[in-house]
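No lab work stands behind these numbers, since they all come straight from the coordinates. For clarity, every value in this text was computed on a predicted model and none was experimentally measured. Ideal geometry is used to build each Cβ from the backbone, glycine not excepted, and the neighbour counts take in all protein chains shown.
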Amino acid sequence: MTTVIIGAGVTGLSVALRLLDSGIVPVIISRVFPTPFETVDSLGEINYASQWAGAHNAYHEPPTTPSTARDHAFAVRTYHFMDATAKAYPEAGITFMKGLEYHEEGVPGYESLTVETAAELGYEDFRLLARDELPAGVLAGFEYRTWSLNPMVYCSFLLRRLALGGCRFVKRDLRSAEEVFSMKDLGQTCVVANPAPLTYTRQYADGRWSFIIPRNFHGGTIIGGTKEPNDWSDTPSLATRERILRDAAETYPEMLGKDGKFHVLRDIVGRRPTRKGGMRLEREVIEGAGTVIHAYGLGGRGYEMSWGVAEAVFELMGKGGPRL
Ligand SMILES: Cc1cc2nc3c(=O)[nH]c(=O)nc-3n(C[C@H](O)[C@H](O)[C@H](O)COP(=O)(O)OP(=O)(O)OC[C@H]3O[C@@H](n4cnc5c(N)ncnc54)[C@H](O)[C@@H]3O)c2cc1C
């Protein structure tokens, strides 16, 4: 029996590696495969979310419901996977650093966290910031150890490991695949040459957010960002670029060089594969044909949850419990 994976984004590649680790050599069918970020076709490949991601792990808020608890558990498993992978393979493009979050409306779940309860939830080196450490307008701030990766370096690393393990790759556009994505949201970011020593996220009271994600291997720094549900435009907006750079400069002025400017390399727009009701993660038996495991719709957290989802797919295949 052949195991086929549709899609060569971070989800498909992670699931493929998880299978390969346990002796199953899948075939990957996909319209697009990882290519160097510098030469990707912005318009033709706007739906290939994995190349447009920052990509960092920002927890945002502690879990409060069964579905946020599941997603958080996936993010924590992925964190440990990234830690082990960064140590074993420096060329994977993963860097560990301090993550800083600012919230203008406060986050009750976080304010009651202590170092011990945060550690139980999987946060490492967690620290709640004191009031006098917060910029004006910010009610809650905290930091923790986290990772940031260079997406196409990481996806190409996964692809190479799969190729070495004997996986086959088929480049096809599967027009008959039902319900590949049912909803998308548009994200705009900007790559600048200015370096940053940490990843940083700020959630504003009016709903907008700002983030800074350094990219290793001389990949610049990502400044973000936007999240516009069902926006089908495909060109970056100059006004949005100015807004996101202004927000980033306001809360993290250390990033501006001696000349007080950001040095813009390029604008990015991509669509996050979001689904109403959250990701689809389930097993479907098609009578007389075979079994399909659905794992898509990871929205803005595909890298953060990638290894947790890969483990879950493995379990749905009936292949046993989780392992690192
Ligand atoms: C601006 C922006 C910033 C982001 N920042 C972060 C971040 O910091 N951290 C984070 O965790 N996530 C981030 N994300 C989200 C992350 O990029 C996605 O969650 C993740 O890439 C989803 O991966 P995927 O493999 O599920 O989908 P995709 O990467 O979209 O891959 C889908 C794959 O399926 C293939 N495919 C689709 N349809 C067909 C078909 N009909 N036939 C054949 N093949 C097909 C495609 O070619 C592609 O290979 C960001 C996204 C954007 C846009």
What FRET efficiency comes out for Ala119 versus Asp21 if R0 is 30 angstrom and r is the Cβ-Cβ distance? Round to the nearest 0.05.
0.60
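Less than 9 Å Cβ to Cβ from Tyr144, Lys/Arg counted +1 and Asp/Glu -1: what total charge do the surrounding residues give? Present the calculation step by step, with values, prior to reporting the outcome.
On the way: positive: Lys98, Arg127, Arg145; negative: Glu101, Glu124, Asp125, Glu143.
Overall, the nearby charge balance is -1.
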Got a sec? Charge dipole of the chain, +1 on Cβ for Lys and Arg, -1 for Asp and Glu; which of Val40, Gly257, Leu245 is way out at the positive end?
Val40
Only Lys, Arg (+1) and Asp, Glu (-1) charged, at Cβ; segment 4-316 dipole about Cα centre in debye
940 debye
Applied in sequence order to segment 308-313, the curve 6.51 cos²θ - 1.76 cosθ + 1.60 (Karplus, θ = phi - 60°) yields integer Hz couplings, x standing for Gly and Pro, of x, 5, 4, 5, 5, 4
Within 10 Å, count the other beta carbons around each residue, average over each peptide in 78-91, 298-311, and list them highest first.
298-311, 78-91
Choice from Leu19, Leu149, Leu238 showing the highest fluctuation, given a GNM over the chain with Cα pairs closer than 10 Å
Leu238
Per the rule of 0.36 nm per residue minus the C-alpha distance, extending Glu91 to Arg160 adds in nm 23.7 nm
Distance between modelled label sites at Glu61 and Arg208, nm, 7 Å Cα→Cβ extension:
2.1 nm
Could you grab the relative contact order for segment 4-316? Cα pairs under 8 Å, six or more apart, rounded to a whole percent.
25 percent
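Report the charge-dipole magnitude of segment 245-324 in Debye, nearest 20, computed about the Cα centre from +1 at each Lys and Arg Cβ and -1 at each Asp and Glu Cβ.
Computed charge dipole of segment 245-324: roughly 140 debye.
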Mind counting lysine pairs for me in the chain? Cα separation below 28 Å, and the two need to be 8 or more apart along the chain or on different chains.
11
How much length is gained on full extension from Arg246 to Leu129, taking 0.36 nm per residue of separation minus their Cα-Cα distance?
39.8 nm
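Hey, what's the per residue convex hull volume over the C-alpha atoms of segment 5-71, in cubic angstrom? Numbers along the way, then the final one.
Details: hull volume 9.2 nm³, N = 67.
Per residue, the Cα convex hull of segment 5-71 comes to 138 Å³.
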Enter the mean projected area of the convex hull around the alpha-carbon atoms of segment 4-316, in nm², rounded to one decimal.
16.7 nm²
With segment 38-131 reduced to its Cα atoms and the Debye formula applied, log10 I(q)/I(0) at q = 0.12, 0.22, 0.24 1/Å amounts to -0.53, -1.24, -1.34
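Once the Cβ-Cβ distance between Phe217 and Lys258 is put in as r, and R0 is 35 Å, what FRET efficiency do you end up with, to the nearest 0.05? Walk me through the numbers before you get to the answer.
Values: r = 24 Å, r/R0 = 0.70.
Efficiency at R0 = 35 Å is approximately 0.90.
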Of segment 135-166, those with amide N under 11 Å from the point 7 Å along the Cα→Cβ vector of Glu45 are 152-153, 156
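Quick one: net charge of Ser42's neighbours, Cβ under 15 Å, K/R +1, D/E -1?
-2
Fully extended, how many nm does the chain gain between Thr35 and Lys98 (0.36 nm per residue separation, minus their Cα-Cα distance)?
19.8 nm
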Simple SL model, points at 7 angstrom along Cα→Cβ for Leu238 and Arg172; separation in nm is 4.5 nm
